[in-house]
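The values are calculated or read from the model by the stated rules, or taken from the named source; none is laboratory data. From a predicted model like this one, the values you see are computed outputs, not experimental measurements. Cβ sites come from the backbone with ideal geometry, for glycine too, and all protein chains shown count toward neighbours. Areas reflect the complete protein model, heavy atoms only, side chains present, ligands, DNA and RNA absent. Shrake-Rupley method; radii C 1.70, N 1.55, O 1.52, S 1.80 Å.
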Amino acid sequence: MSVDAPRRSRVSVEREGEFLDAALLCLGEVGYDSLSMDLVAERAQCSKATLYRRWSSKAEMVVAAIESVGPPPFVGIDTGDLRGDLLELMNRVSEGAEHDQRFAAAIHHAVMVDEQLAAAVRRTFLEPEARFLESVVVRAVQRGELSSRPRSADFLQYMVFSAIMTGPLTDAKPLDSEYRTRIIDEVILPSLRSTTV
């Protein structure tokens, strides 16, 4: 019985990266439902057939685009104290917050209805973020900044990224240094310091 050969790209790795970048840009601009191979091909200046030779569907291409995103912004953060780690994280993530807000809004509906996309988002973004934030808490306990792991650490990921993603939308305020510092000092740190197990 014959077996179909695996789908192969006829373009370079660099060119494929340009296709995926174009897909992410279009995704942020028009949303998943309105995203099309035609739109990505126009942005990437290639033919739709070229895209279909590499990815069999829009969903497959978007999964690849999500997974192509570079190292998370928190890689390498270890300032030596809990507050410093959280502030540095907020600073780095805030640098791309405007694009991230559009990107998050674009894929929100898609991940609710497409398990392949949802799995890619969890694997690429959410799970590494959760592991990093847990390591921040563990280091704080080891240094004696926290007496033990706080119960509120279960919600640290939600607190940090909700502040970044929703703050400017609800308050119409920029993610400036004062905003980020207040979120850390008045919301996140008191929460972590007040509930321990």
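For Ser152, only one of the following conditions fails: (1) assigned to a helix (DSSP H, G or I); (2) open to solvent by 30 Å² or more (accessible area, probe 1.4 Å); (3) among the polar types (S, T, N, Q); (4) modelled with pLDDT of 80 or more. What is its number?
The number of the failed condition is (2).
Step by step: first the residues of the stretch 65-74, then only those that are in contact (Cβ under 8 Å) with a residue 24 or more places away in the chain and more than 14 Å from Ala110 (Cβ to Cβ), then the one that is least open to solvent (accessible area, probe 1.4 Å). Which residue is that?
Phe74
Where residues in the stretch 155-186 are surrounded by 18 or more Cβ atoms within 10 Å (Cβ to Cβ) and of a type in the set (Val, Ile, Thr), which of them is modelled with the highest pLDDT?
Filtering first and then ranking leaves Ile184.
Can you report the number of residues in the stretch 125-149 which are at pLDDT 90 or above, charged (D, E, K, R) and not in a loop (DSSP other than H, G, I, E, B)?
Total meeting the criteria: 4.
Among (1) at pLDDT 90 or above; (2) loosely packed, with under 11 Cβ neighbours inside 10 Å, there is one condition Ser12 misses while meeting the rest; what is its number?
Condition (1) is where Ser12 drops out.
Report yes if some residue within the stretch 68-75 is more than 30 Å from Val160 (Cβ to Cβ) and of a type in the set (Gly, Ala, Ser); otherwise report no.
no
Any residue in the stretch 97-124 that is at pLDDT 75 or above sitting within a Cβ distance under 7 Å of a residue that is outside any helix (DSSP H, G or I) and open to solvent by 20 Å² or more (accessible area, probe 1.4 Å)? List the pairs, counting only those 6 or more apart or interchain.
Listed by first residue and then by second, the contacts come to Thr124/Val69.
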